[in-house]
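Undergrad: Structure provided below as structure tokens; questions to follow.
The values are calculated or read from the model by the stated rules, or taken from the named source; none is laboratory data. Bear in mind that the values here come from a model prediction, so they are computed numbers and not experimental data. When we count neighbours, we look across all protein chains shown, and the Cβ atoms used for this are built from the backbone with ideal geometry, even at glycine. Surface accessibility is based on the protein's heavy atoms, side chains included, excluding ligands, DNA and RNA. Shrake-Rupley method; radii C 1.70, N 1.55, O 1.52, S 1.80 Å.
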Amino acid sequence: MDKSQQICIMGLGYIGLPTAAILANRGFNVHGVDVIPEVVKKTNSGEVHIVEPGLGSFVKSAVFSGKLLAASNPIEADIFMIAVPTPIDDKNIPDLSYVFDSVNMILPFLKNGNLIIIESTSPVGTTDQVKEMIINARPDLDSVHYAYCPERVLPGRTMKELIENDRIVGGDSTEAAEKAKQFYSTFVEGDILITNSKTAEMAKLVENSFRDINIAFANELSIICDKLNINVWELIRLANRHPRVNILRPGSGVGGHCIAIDPWFIVSSAKSDSKIIRMAREINNFKPVWVTNKIASLVSDYKERYHKEPVIACMGIAFKPNIDDLRESPSLQIVDTLLDQERELLVVEPNIEEHEKFELSDYNDAINKADILLFLVAHDEFKELSIPEGKTVLDICGIFE
Ligand SMILES: NC(=O)c1ccc[n+]([C@@H]2O[C@H](COP(=O)([O-])OP(=O)(O)OC[C@H]3O[C@@H](n4cnc5c(N)ncnc54)[C@H](O)[C@@H]3O)[C@@H](O)[C@H]2O)c1
């Protein structure tokens, strides 16, 4: 593919910025657009506004070679890529307003022959909706190609996985899918699999629902085992010795901006048929509530025994081990509930420097000072700790399994 092509990427976040930096390092001219001026400013000075290992050096070389320029507005380009947020609202309905806003922004710059790729996780039919929106606004654009290519990277490994993962490319036509495949093959080393846009949209949602359902099974088991006084970790270890069983690990719920959200996109498209998908969401959403109820009973036992309020150390608030990402974190939700209940808390998160709402404690201090140690996230640092005598431990994430 001709590397002199101009790429315009809408959204310079966890997905857009690494993609922009990789493409620019491969020789494309990349124009990255973001609506947050600080993101644009930082990117143009070769800095990154998110934490992602390896990203800094890619952005620096992309910017200083002149191949990556960030801006607040799009320009004319050959390929437009959309990597803006697709959250859900308070009724679990997908909010596509960022996608539609970004489409409105690129509208005046589109030309026939352009390829528009949506990477934002989207409900089935979004690519068709975007196409319709563009054709309605600009009937002259009768030969634009549309493709949907879901992103599957794992935060923390984005720079590697963007290149190495297999990709699914769905087009509104075979020609569009082929064009998108040609584009991705300039930097993707995994297989690139072609389909239609609806199947590609659904594939992303299904992948995350599969994970959600399996985690829900583990979380439900943890609640049942607690009631039956069975060690769930031992149980799972034993059951997993079956050659065709692989039960995942329970935890404080499901967080992050993918697994906790994407299944709702399926539910919203096929409400009465998405029973197990919806139930998995409900089970995983209930787990932090169950944890706070469990703490309430530990606190009341403690108060009965010692006639004072216990200090609770909340060990970990990220949504999963060894990262700094707090989005949709069930552990953070637990901490918020405990704060609302005016519990005495020490909050520990070794992967972040500070938090706007509460002071963070050092994990060694916290385990010494607290009466109840609540292990919420299995960060590596916690695995090395030896627990002082006399502490009540609630191990939600299997630190001491
Ligand atoms: N982060 C991941 O690991 C991951 C993995 C797979 C899929 N996704 C999906 O990719 C999409 C982007 O996710 P993200 O994590 O990069 O989000 P993000 O919030 O990190 O970044 C999105 C960026 O888009 C910008 N933006 C918003 N509206 C815009 C507009 N109209 N024009 C230009 N920029 C705009 C925001 O300011 C933000 O900087 C989402 O749909 C997400 O579900 C993310």
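Undergrad: Of the residues that make up the stretch 342-365, is at least one touching a residue at least 40 places away in the same chain (Cβ under 8 Å), charged (D, E, K, R), farther than 20 Å from Ile50 by Cβ and out of contact with any helix residue (DSSP H, G or I) (no Cβ under 6 Å at 6 or more places or on another chain)?
TA: Yes, some residue in the stretch 342-365 is touching a residue at least 40 places away in the same chain (Cβ under 8 Å), charged (D, E, K, R), farther than 20 Å from Ile50 by Cβ and out of contact with any helix residue (DSSP H, G or I) (no Cβ under 6 Å at 6 or more places or on another chain).
Undergrad: Here is a follow-up. Would a scan of the stretch 235-247 turn up a residue that is in contact (Cβ under 8 Å) with a residue 12 or more places away in the chain, outside any helix (DSSP H, G or I) and either surrounded by fewer than 23 Cβ atoms within 10 Å (Cβ to Cβ) or not small (Gly, Ala, Ser) (or both)?
TA: Yes, the stretch 235-247 contains a residue that is in contact (Cβ under 8 Å) with a residue 12 or more places away in the chain, outside any helix (DSSP H, G or I) and either surrounded by fewer than 23 Cβ atoms within 10 Å (Cβ to Cβ) or not small (Gly, Ala, Ser) (or both).
Undergrad: Is it the case that the stretch 20-38 has a residue that's of a type in the set (Lys, Arg), more than 8 Å from the ligand (Cβ to nearest atom), outside the structural domain of Asp324 (by TED's automatic domain parsing) and under 24 Å from the mean Cα position of the chain (by Cα)?
TA: Within the stretch 20-38, not a single residue is of a type in the set (Lys, Arg), more than 8 Å from the ligand (Cβ to nearest atom), outside the structural domain of Asp324 (by TED's automatic domain parsing) and under 24 Å from the mean Cα position of the chain (by Cα).
Undergrad: With respect to the numbered conditions (1) near the ligand (Cβ under 10 Å from one of its atoms); (2) modelled with pLDDT under 95, which one is the sole condition not fulfilled by Ser102?
TA: Just one mismatch for Ser102, condition (2).
Undergrad: Take the residues in the stretch 1-19 that are within 11 Å of the ligand (Cβ to nearest atom) and of a type in the set (A, V, I, L, M, F, W, C), then tell me which one is most open to solvent (accessible area, probe 1.4 Å).
TA: Result: Ile15.
Undergrad: With the structure loaded, tell me whether Lys204 is open to solvent by less than 30 Å² (accessible area, probe 1.4 Å), touching a residue at least 12 places away in the same chain (Cβ under 8 Å), in a helix (DSSP H, G or I) and among the charged types (D, E, K, R) or whether it fails that test.
TA: So Lys204 fits the description; yes.
Undergrad: Taking the stretch 319-344, which residues are at pLDDT below 95, within 16 Å of Glu356 (Cα to Cα) and buried (at least 21 other Cβ atoms within 10 Å of the Cβ)?
TA: none
Undergrad: Quick check on this structure: which one of Lys181, Lys160 is assigned to a helix (DSSP H, G or I), out of contact with any Asp or Glu (no Cβ under 7 Å at 6 or more places or on another chain) and free of Cβ contacts under 8 Å to residues at least 40 places away in the same chain?
TA: Lys181
Undergrad: For the stretch 190-248, enumerate the residues that are aliphatic (A, V, I, L, M) and within 16 Å of the ligand (Cβ to nearest atom).
TA: Of everything in the stretch 190-248, those that are aliphatic (A, V, I, L, M) and within 16 Å of the ligand (Cβ to nearest atom) turn out to be Ala200, Met202, Ala203, Leu205, Val206.
Undergrad: Across the stretch 279-299, which residue is surrounded by the fewest Cβ atoms within 10 Å (Cβ to Cβ) among those that are touching a Ser or Thr at 6+ places or on another chain (Cβ under 8 Å) and not hydrophobic (A, V, I, L, M, F, W, C)?
TA: Only one residue fits best here, namely Thr292.
Undergrad: Identify the single condition in (1) surrounded by 15 or more Cβ atoms within 10 Å (Cβ to Cβ); (2) closer than 23 Å to Val48 by Cβ that Gly170 does not satisfy, given that it satisfies every other one.
TA: It is condition (2) that Gly170 fails.
Undergrad: Taking the conditions exactly as written (open to solvent by 70 Å² or more (accessible area, probe 1.4 Å), in contact with a strand residue (DSSP E or B) (Cβ under 9 Å, 6 or more places away or on another chain) and within 12 Å of the ligand (Cβ to nearest atom)), does Arg157 satisfy them or not?
TA: Answer is no for this residue.
Undergrad: Would you be able to say whether some residue in the stretch 258-278 is under 19 Å from Asp89 (Cα atoms), touching a Ser or Thr at 6+ places or on another chain (Cβ under 6 Å), in a loop (DSSP other than H, G, I, E, B) and open to solvent by less than 60 Å² (accessible area, probe 1.4 Å)?
TA: no
Undergrad: Still on this structure, please answer the following. Need a quick list: strands (runs of 3 or more DSSP E) entirely within the stretch 28-139 having at least 1 residues that are open to solvent by 20 Å² or more (accessible area, probe 1.4 Å) and either farther than 30 Å from Ser269 by Cβ or in contact with a strand residue (DSSP E or B) (Cβ under 8 Å, 6 or more places away or on another chain) (or both).
TA: 29-33, 68-71
Undergrad: Kindly list, by first and then second residue, each pair from a residue in the stretch 372-395 that is of a type in the set (S, T, N, Q) to a residue that is surrounded by 15 or more Cβ atoms within 10 Å (Cβ to Cβ), limited to pairs with Cβ atoms under 8 Å and residues at least 6 apart or on different chains.
TA: Filtered contacts from the stretch 372-395: Thr392/Leu298; Thr392/Tyr302; Thr392/Pro310; Thr392/Asp371; Thr392/Ile372; Thr392/Leu373.
Undergrad: Looking at the stretch 140-154 only, could you name the residues that are away from the ligand (no atom under 12 Å from the Cβ) and within 30 Å of Ser57 (Cβ to Cβ)? It would help to see each step written out before you state the result.
TA: In the first step, residues of the stretch 140-154 are kept if they are away from the ligand (no atom under 12 Å from the Cβ); the result is 140-147.
Hit for the stretch 140-154 is Ala147, nothing else.
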